[in-house]
Amino acid sequence: MVIALTGGIASGKSTVGNIIRGYGFNVVDFDNITNDLFRDADVKAQLEDAFTSNIFNTAGDIDRSRLRKIVCDNSSDFDMLDDILASRIEHELGDLVIRSQMSSPRTFIEVPLLYESCLSWMFDNTAFVYAEKKLQLRRLIERGLSVREAEAMIARQDPPQAKAIMSQHTVLNIGTMTELEETVRQLLLYIE
């Protein structure tokens, strides 16, 4: 069984994934695979063609912060970025799901934009991690984003109520770490 662990940006997906990992389950962070795409020569060339601004750092790697500023300022730039990455992301995720099905009886894959990318069909089950918007904003600002950038990133995502309805399970990340750990423990009992 392959379970998608999804949620809004800065909702606590990684924290929930770490708790699940602590119970001995296989947990894969799809962000790591997506990050590899930004090192792919073809992707880098397409991004260089698409964005006239300098999106590369001195080492020749894509500066994700600069790229984020560009796409936050312009929805057509965001759509262009999505067009470049979407099919590759779907392919990589599909491969990961198949490998997970063959290697482990139960794998959780953290997928940030599961519903926005229309990829939930790949999974046997989905769990949505919910955090209040003010907590998401605080976490994003602590990560170095401006308030405007943080609000723009949250606004680009589907509303949490819609994600909760589409998911088989909702993990409320609105209390203490102890409460979150208990919520995750209950989720694991239910999924087994």
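The values are calculated or read from the model by the stated rules, or taken from the named source; none is laboratory data. The shown structure was predicted, so the numbers you read here are calculated from the model rather than taken from an experiment. We place every Cβ from the backbone using ideal geometry, glycine too, and count neighbours over all the protein chains shown.
Of the residues in segment 137-160, at least one is in a helix (DSSP H, G or I), out of contact with any strand residue (DSSP E or B) (no Cβ under 6 Å at 6 or more places or on another chain), under 24 Å from R39 (Cβ atoms) and of a type in the set (D, E). Considering segment 78-109, the residues that are in contact with a strand residue (DSSP E or B) (Cβ under 8 Å, 6 or more places away or on another chain) and part of a helix (DSSP H, G or I) include one that is nearest to V27 (Cα to Cα), namely S100. Using the structure shown, decide if Y130 is among the aromatic types (F, W, Y), within 23 Å of R185 (Cα to Cα) and within 17 Å of the chain's Cα centre (by Cα). Yes, satisfied.
Within segment 4-26, can you find the residues that are crowded, with 20+ Cβ neighbours inside 10 Å and either farther than 17 Å from T176 by Cα or not charged (D, E, K, R) (or both)? Across segment 4-26, the qualifying residues are A4, L5, T6, G7, G8, A10, S11, G12, V16, G17, I19, I20. Considering the conditions (1) modelled with pLDDT of 85 or more; (2) surrounded by 14 or more Cβ atoms within 10 Å (Cβ to Cβ), C72 is excluded by exactly one of them, (1). For the structure I just gave you, tell me whether S87 is under 26 Å from L140 (Cα atoms), without any contact (Cβ under 8 Å) to a residue 12 or more places away in the chain and surrounded by fewer than 12 Cβ atoms within 10 Å (Cβ to Cβ). For S87, the condition - under 26 Å from L140 (Cα atoms), without any contact (Cβ under 8 Å) to a residue 12 or more places away in the chain and surrounded by fewer than 12 Cβ atoms within 10 Å (Cβ to Cβ) - is not met.
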